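What follows is a set of notes on a single structure, which appears directly below.
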Amino acid sequence: MVRKRVAILISGRGSNMVALIEAAKDQTYPAEIALVVSNEPAAEGLNRAAAEGIRTAVVDHRKFGKDREAFERALQDELQTHKIQLACLAGFLRLLTPWFVRQWDGRLLNIHPALLPAFKGLDTHARAIATGATQHGATVHFVVPEMDSGPIIAQAAVAVQSGDTEAALAARVLEVEHRIYPQALRWVAEGRVRIADGRCLIDGQPAATFS
Ligand code: GRF
């Protein structure tokens, strides 16, 4: 089996990155983490990746001022230099332009801490509690130009409990994030995911929901 060369793009602590790195330690996992890139030089996740012996790179968006495409060209160069085949956003806090997203059509994954299409954007846990949602969770999806949209590869639901705080709910959602991201990347790396009419089919079937 030839493992797919994967880059993980981060901006912060990198707990989802760690979950992917751990999964890929198994030599039968169909992807190897070949690169971790951060736009934030101080991202905690960079140290963790380096400690695992994974190549890291920083593409600091501040150096490019308002020129978003110049930043993305630098990012793209980094990914191409390392012959990256699939990329995973994992707490990567920059919006990507349609130009960049098109280069990675069907090869760029993101994890979002909500059951999309509910609660796109930030502060998902607080908003789930504030609206009285009874179910919350996490979604892995392919990236398209519109933020937090795109075909869903995997989702897992978490029940909102009475008296839940944002931190408590976030912690339970994070546990399922760490489960579904390696699973979704596995399916994609194995070539089992096909996009048809804007939704994912896995082995020809609609994406299963984890619970
Ligand atoms: C996660 O909740 C992820 O869903 C969201 O950003 C957070 C990143 O956390 N996109 P970490 O850096 O993976 O710990």
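A compact table of results
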read-out	value
Residue list for the range 6-30, restricted to those being part of a loop (DSSP other than H, G, I, E, B), hydroxyl-bearing (Ser, Thr, Tyr) and within 13 Å of the ligand (Cβ to nearest atom)	11
Residue in the range 1-39 that is farthest from residue 179 (Cα to Cα), counting only those that are out of contact with any strand residue (DSSP E or B) (no Cβ under 8 Å at 6 or more places or on another chain) and among the acidic types (Asp, Glu)	26
Residue list for the range 99-130, restricted to those being of a type in the set (D, E, K, R) and under 15 Å from residue 7 (Cβ atoms)	107
Failed item, numbered, when residue 14 is tested on (1) more than 22 Å from residue 140 (Cα to Cα); (2) touching a Lys or Arg at 6+ places or on another chain (Cβ under 6 Å); (3) surrounded by 22 or more Cβ atoms within 10 Å (Cβ to Cβ)	(1)
Residue satisfying condition, being in contact with a helix residue (DSSP H, G or I) (Cβ under 8 Å, 6 or more places away or on another chain) and at pLDDT 95 or above, within set 50, 90	90
Test result for residue 81, surrounded by fewer than 15 Cβ atoms within 10 Å (Cβ to Cβ), more than 13 Å from the ligand (Cβ to nearest atom) and in contact (Cβ under 8 Å) with a residue 40 or more places away in the chain	no
Some residue of the range 160-173 being in contact with a Phe, Trp or Tyr (Cβ under 9 Å, 6 or more places away or on another chain), outside the structural domain of residue 1 (by TED's automatic domain parsing) and in contact (Cβ under 8 Å) with a residue 24 or more places away in the chain	no
Total residues in the range 22-46, condition within 19 Å of the chain's Cα centre (by Cα) and without any contact (Cβ under 8 Å) to a residue 12 or more places away in the chain	1
Residue match in the range 31-48 (condition: more than 16 Å from residue 109 (Cα to Cα), loosely packed, with under 12 Cβ neighbours inside 10 Å and more than 16 Å from the ligand (Cβ to nearest atom))	no
Count of the range 169-211 residues which are hydrophobic (A, V, I, L, M, F, W, C) and in contact with a Lys or Arg (Cβ under 9 Å, 6 or more places away or on another chain)	8
In the range 92-127, residue farthest from the ligand (Cβ to nearest atom) [restricted to those that are closer than 13 Å to residue 139 by Cα and among the small types (Gly, Ala, Ser)]	118
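The values are calculated or read from the model by the stated rules, or taken from the named source; none is laboratory data. Source: prediction; values computed, not measured. Positions of Cβ are backbone-derived with ideal geometry, glycine not excepted, and every protein chain shown enters the neighbour counts.
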